[in-house]
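So the structure is just underneath, and the comments pick up after that.
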Amino acid sequence: DNSRRPDYLAGLNPEQAEAVETLDGPVLVLAGAGTGKTRVLTTRIAHILSTNRAFPSQILAVTFTNKAAREMKERIALLVGGAVEGMPWLGTFHSIGVKLLRRHSELVGLSSSFTILDTDDVVRLIKQLIQAEGLDDKRWPAKQFAGMIDTWKNKGLGPADIPEGDSRAFANGKGRELYAAYQNRLKTLNACDFGDLLLHPINMFRQNPDILKDYHQRFRYILVDEYQDTNTAQYMWLRLLAQRPKGELQNVCCVGDDDQSIYGWRGAEVDNILRFEKDFPGAKVIKLERNYRSTEHILGAAAHLIAHNEGRLGKTLFTDRSDPNDIKVQVHASWDSEEEARAIGEEIEQLQRSDSSGVRHNLNDMAILVRASFQMREFEDRFVTLGLNYRVVGGPRFYERLEIRDAMAYFRLVCQPADDLAFERIINTPKRGLGDTTVRALHDYARVRDIPMLAAAADIIETDEMKPKPRKALFDVVQSFRRWQGLLENTPHTELAEQILEESGYTDMWKNDKSAEAPGRLENLKELIRSMDSFESMRGFLEHVALVMDAEQNEDLDAVSIMTLHSAKGLEFDTVFLPGWEEGLFPHQRSLDESGRAGLEEERRLAYVGLTRAKRRCHIWFVSNRRIHGLWQSTIPSRFLDELPETHVEVAEMEQSYGGYGRGGYGQSRFDKADPFANSYSTPGWKRAQANKTDATRDNWGSRSGHAVERIGYGESGPKTRTIDGE
Ligand code: ATP
Ligand code: MG
């Protein structure tokens, strides 16, 4: 009886409605990008609430980010027409974990005021333990062990569970012992790390069936978004809460898309999708096939690209959103990243004034999605020059990053020896044994004499106020700054900058760092040096950065979003810019080196995520030259360009670029003419690649009532069986 259906159900298609209204029993929604998975979850919660099936506090809903949780809550309120009182259990796995743990901390040996350690704290603590064991912490770096612990925790493994081989791999076979010692130490400190936010609740539930039972009664409905990126520990946690004794209903609903699994490097297990049907027998699996987000061109391009991956579940996608005015996905070439930023800036300003049909666009509807955070710098600089508002989403702005701030502090202090803030920032970074005591002494010395701290340091090393060791260290620092200051006038400033970071040990600090972020930080440092090139002097550069940093980051401002592809998951924009589609950058060399074929497939999923963020316009860019390690290098267009279908993609502005910039040597040749790199990748031009395509089974394009339809070979016979690591 459709006439009496509530408004929020009226707009759903039949499959979506089924996913929303099947409230009893397990439901898995497996569907491509933009098919309304998140909308289904939101509507489902609204439905539960407005039919009085549960109170807000009886719904457990997991989102991938805190921002997504806030948005979901706002949408629910809109759907049910009024503020939702509480939804205390709507959040990320981690935020829900903290909440559980605060309530039951005593059961895992903590008091409710426990602290959550950040990575730095964790590493410091592990280092102490390694040293206490009498081990050489250079040979057995604490960072590396912190990484191992994190991996174990993502897999749900406590010290007793880790495989013998893993234990042997570190500290002469003391891996397990150290892990146990670490856990004990945390307990003594009344602290836990991020992994514990999941592991502790898991253990608590396992050891206290009565408490678990309470939560079974409390959580009448459980919902999970972005299910494809759950790791093993999250899955164990979920299964404990969602699996009910025989005869009880398991009202769990997970939505996800295997093609958007992009956190494998952080332990996500796409196989959790396959486990679901096994662990929740009788689960209703619902597929959504209609995409509401993107034009046929964008969807067609994305679907065709992702069809190059092998390990996929079956899926069909189509859209009704086709309009003769829709533009194809545009591929643009630029000479280098500076020109790329300039061209994208122009395109944005053009859209802001009015597009080809005279429509003005808000900056809020546009996003630039980069593969690596160092790419942001060029855009931020350009937009500041243009006076174009932008915001960096899901991370700090380029110049706000830790490593950039550190490096800048060195440069500031060289140019401006009285900059005490800069001094304090770097005096013990990297670690030189000049800790709080030294800083306090210098502070006092400087204040009394009313001189800068660097000057105080130069004085104090001539006295016997300090112990020999820190005094020697301080002496070295003072000498270094004197030397760099002496070079300021006559050495090219980029060279000097590089020298400063090398000689201070700052670059080495990150080179020796075994954490997952370290390589990205080194990339950012290189980008920093690169960016100084267009300035006359180090001082000129510092002034520029001060201006960039002054630019507003106001939430309410109409602004272009800049973010990484990883943090763009789940979002959508009218216009999306995808710069840097070059081999080595995208797909990223590191993924290829570390994970081979699997790494490439994850990169491809990332490209799929990028393309499918766009509603109406998608612009891909690649440059012919990037500067790497201070040297210009010709780049090869990303293989992903070769994997885009000609029917939905066109090369934009190539001719214009070709003749227009007077730098010659690129343009059409990148794709179609002789190219020094042509033989180093299998498909020299994406147009030719199209013609050569032989793999018709995975690449089966058809038309169903005028819609683009993609079918994947083994779709009909159901998912391929894959071995699942047992727990
Ligand atoms: P992703 O995989 O990227 O997370 P998703 O499957 O979660 O995508 P949603 O973000 O829920 O998709 O929906 C995509 C867009 O389509 C949203 O703007 C949403 O409002 C719209 N949409 C979804 N279902 C419908 C519908 N039945 N009618 C109209 N618009 C819809
Ligand atoms: Mg979504």
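So here's what we get for this one:
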quantity	calculated
Cβ-derived FRET efficiency at R0 30 Å, N490 paired with E424, nearest 0.05	0.55
Rel. contact order, % - alpha carbon contacts under 8 angstrom, at least six apart, the chain	17
Cβ-based exposure ranking for K153, K514, in which fewest neighbours within 10 Å come first	K514, K153
Straight-distance crosslink candidates among lysines, where the alpha carbon sits under 26 Å from K511 and sequence neighbours closer than 8 are dropped	K127, K138, K143, K153, K174, K431, K469, K472, K526
Shape category assigned to segment 23-79 from the gyration tensor of Cα positions, a/c cut at 1.5	oblate
Packing-based order for 99-107, 14-22, 638-646, using average beta carbon neighbours within 10 Å, highest first	638-646, 14-22, 99-107
Convex hull per residue volume in Å³, alpha carbons only, for segment 259-392	169
Rounded Å value of the spacing that divides the Cα centres of segment 420-439 and segment 143-213	33
Burial ordering of V370, V359, V29, fewest other beta-carbon atoms within 10 Å first	V359, V370, V29
Cα convex hull of the chain, projected area averaged across orientations, nm²	36.0
Computed [θ] at 222 nm, helices only, for the chain once each DSSP H run of length n ≥ 4 contributes -39500 (n - 2.57)	-14000 deg cm²/dmol
Taking N as its residue count, the alpha carbon Rg of segment 519-644 over 2.2 N^0.38 Å	1.22
Contact order normalised by residue count of segment 288-328, Cα under 8 Å, 6+ apart, percent	64
Percent antiparallel among DSSP beta bridges (both partners in the chain, rounded to 5)	20
Those trypsin sites (Lys or Arg not before Pro) in segment 311-375 that DSSP places in a loop and that have at most 15 other beta carbons within 10 Å	R360
Part-to-part distance (alpha-carbon centres) for segment 577-636 and segment 371-416, which is given in Å	21
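Quick note: the coordinates plus some simple rules give every number you see, no bench work behind them. Owing to the predicted nature of the structure, the values given are computational and were not obtained by experimental measurement. Quick reminder, even Gly has a Cβ in these numbers, built from the backbone with ideal geometry, and neighbours come from all protein chains shown.
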